[in-house]
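The values are calculated or read from the model by the stated rules, or taken from the named source; none is laboratory data. None of the values given here were measured: they were computed from a predicted structure. Neighbour counts are summed over all protein chains in view; Cβ atoms, including those assigned to glycine, are modelled from backbone coordinates with ideal geometry. Remember, those area values only see protein heavy atoms, side chains included, never the ligands or the DNA or RNA. Shrake-Rupley method; radii C 1.70, N 1.55, O 1.52, S 1.80 Å.
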Amino acid sequence: MEAVSETDVQFWMAKAVNWGEATSCSALLDTSRHLGSLRSFLQQVLQGLQQMSSTSEAMKMFPFVGQFLGRLCWNPCVIADERSQRLLLRCLNCLYSAEPLNAVEQKANMWIKNMLCHLISEEEGSVAHATVKHAGLTPKRYHSEALQKVVSLMTEEVIKSCDGLPNTSARCSNGNIHAMSTACAALVTCPQMSPLIGALLKHSMLCGSSCLNQEFIKEVSEALISKRLVLEDEAVVNLWCYSPTCLEGAAVSLLESVLSDHETMTQSLDKHVNGSLLPQASADHCHIFISVNEIYRNVLTEIDENLAMRALIQVFTVCFLQRLTGQKPQDRLPLRAFFPHVMPSLLTPLLTAPSEVPREAWLDHLSWIRSLLQSVTENEEVGEDVRAYQAFFEAWFLLVQCGYWVDTAAELLVLAAPENAEPLLWLLTFFHHPTNRGHQRSQQTAVAREAWTHLRMLFLTRPPPPRHLSAVKELLSSSLSANLVLHLFSNFTVFSHGPVSIITEITDKVLTEAAVKHRALWILASIRCRLNSAATWDDSVHSRLRTLQDTLLQT
């Protein structure tokens, strides 16, 4: 293999000398800016060292290597970059002689041991340890604090430039901000860099211009999603406001985590959604809510039967509304701003939580919702223009977002009198089967009514009649009506007043397939979220719900 070029050697040796221990802002900026190309050069050197048969041959072929690697080992910026540090370690290992042949190789081994101790250990007696002992610090802490000190100075500079902006519409004229963000791109996962990253993101919001390096934005977003970077909430929201791509990444990451980890999510979906920070950011910034809504709406149109997707949309909306309600009235935007395409008459009845309506008024409230939605569907069926269809879709999507009212309807159906069941069954059917092609909704309403009749007999009769058990299992086996029947069945398991042992026995006999149990868990997750925000707490219902979830997870 050919040796590295003399021009490259001279360039990088000059850089290593000029950087020193990178204890100034300019040195840190320049080191960070060159980390990518430095790694490429170190990879070249490593490949060359791997071809050498001995340390003596390596030192003859690469006479600069000892001084070069030694200087880099004392640069906190280089050491803070995991990939650069890994390359340094591999280069040092290549230079080490397992069986030194002469005094030069013995001396080289001693030096390499000290460098390795300096990089990866706190071993007493090493040169590195002795060098910084006077400061009362270990080598690792010495470099950490050196980097932290420089970052602190840079952070102060950014904060001062933020304070100097006369108003939020001021434009950034400081090219140094772009340079700093460029330098940070290679080091975003270093804990010491978090304050500077936060300050740069805050500056971008106040400045109002695209003065940050795009590679920096990309690296920060990926590090946040992979949990290799921790930032203050304000900094994360500033990132989402600055970059729609990063916001989309966060929304998709939440979606993927929910779809891939149903056992965890079904137990604490609302906590997980709140932990994403998206509901709070959406309440504070209307455009974030609209963007996240659009992403989930598009996904739902592709997988509209997916109950996990529906549960996520419903829980996200609940968490968002809770955050919005918690704001001061003077700071709160009207609901119309967050739902610009929905008929205004639908907003109040649907976005009012069941906990805000007296229980005895639930049936009237649901009948009101049904009449409003029914008028929208009738307009869509008689009209063929795009606006009628748009209004219809927006009404249905709002019902999915406010699925807690559908859950409430299903709960009331457990003990509802036959004369009160019609509007509740209609809502449940429209939720699962919004289109009426070939009179499908009418057919599904009939299926819902049939399922409801069987479930009442199954859960309210002792012992459970086998005939009705078989009928419910058969209805669940239909691909068209499975989710609708499962929705009803899940609510009967939670809200019927029979002994828990009987309920779990029925559940075991009816829900025999793993896929059906999986879908039932998502319905129970939605119910749990609604109950968590209810005006009153019923211990027996919560206990029954937990038992059902545990039973489905274990079988």
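For this structure, a couple of remarks:
- Residue-level check: of (1) open to solvent by 70 Å² or more (accessible area, probe 1.4 Å); (2) touching a helix residue (DSSP H, G or I) at 6+ places or on another chain (Cβ under 6 Å); (3) not acidic (Asp, Glu), residue 460 misses just (2).
- Top-ranked residue of segment 82-122 - restricted to ones that are at pLDDT 85 or above and of a type in the set (D, E, K, R), ranked as farthest from residue 58 (Cα to Cα): 83
- Pairs meeting the criteria (first residue in segment 452-470 and under 20 Å from residue 429 (Cβ atoms), second residue of a type in the set (Phe, Trp, Tyr), beta carbons under 7 Å, at least 6 apart or on different chains) are 455/489; 455/492.
- Filtered residues of segment 71-124 (kept if over 20 Å from residue 20 (Cα atoms), among the polar types (S, T, N, Q) and either part of a helix (DSSP H, G or I) or touching a Lys or Arg at 6+ places or on another chain (Cβ under 7 Å) (or both)): 93, 106, 109
- Residue 189 being touching a residue at least 24 places away in the same chain (Cβ under 8 Å), assigned to a loop (DSSP other than H, G, I, E, B) and either under 21 Å from residue 37 (Cβ atoms) or among the acidic types (Asp, Glu) (or both): yes
- Of the residues 56, 37, the single one that is in a helix (DSSP H, G or I), under 27 Å from residue 192 (Cα atoms), open to solvent by less than 70 Å² (accessible area, probe 1.4 Å) and polar (S, T, N, Q) is 37.
- A count restricted to segment 205-241 and to residues that are assigned to a helix (DSSP H, G or I) and closer than 25 Å to residue 254 by Cα stands at 22.
- Residue 415 meets the stated requirement of being within 27 Å of residue 318 (Cα to Cα) and surrounded by fewer than 22 Cβ atoms within 10 Å (Cβ to Cβ).
- Scanning segment 254-290 for residues that are polar (S, T, N, Q), crowded, with 18+ Cβ neighbours inside 10 Å and assigned to a helix (DSSP H, G or I) yields 266, 274, 280, 282.
- Residue within segment 392-399 that is crowded, with 19+ Cβ neighbours inside 10 Å, over 26 Å from residue 340 (Cβ atoms) and touching a residue at least 24 places away in the same chain (Cβ under 8 Å) present: no
- The requirement of being under 22 Å from residue 303 (Cα atoms) and part of a helix (DSSP H, G or I) is fulfilled nowhere in segment 450-467; no residue meets it.
- Residues in segment 532-550 that are at pLDDT below 90 and either aliphatic (A, V, I, L, M) or not assigned by the TED database to the domain that holds residue 470 (or both): 534, 535.
- Unique match (being part of a helix (DSSP H, G or I) and assigned by the TED database to the domain that holds residue 531) among 320, 392: 392
- Summed over segment 300-339, residues that are touching a helix residue (DSSP H, G or I) at 6+ places or on another chain (Cβ under 7 Å), open to solvent by 40 Å² or more (accessible area, probe 1.4 Å) and closer than 23 Å to residue 523 by Cβ total 2.
- Failed criterion for residue 522 (all others in (1) of a type in the set (Phe, Trp, Tyr); (2) more than 28 Å from residue 478 (Cα to Cα); (3) crowded, with 22+ Cβ neighbours inside 10 Å hold): (2)
- Subset of segment 91-109 that is hydrophobic (A, V, I, L, M, F, W, C) and under 15 Å from residue 47 (Cα atoms) - its residue that is surrounded by the most Cβ atoms within 10 Å (Cβ to Cβ): 91
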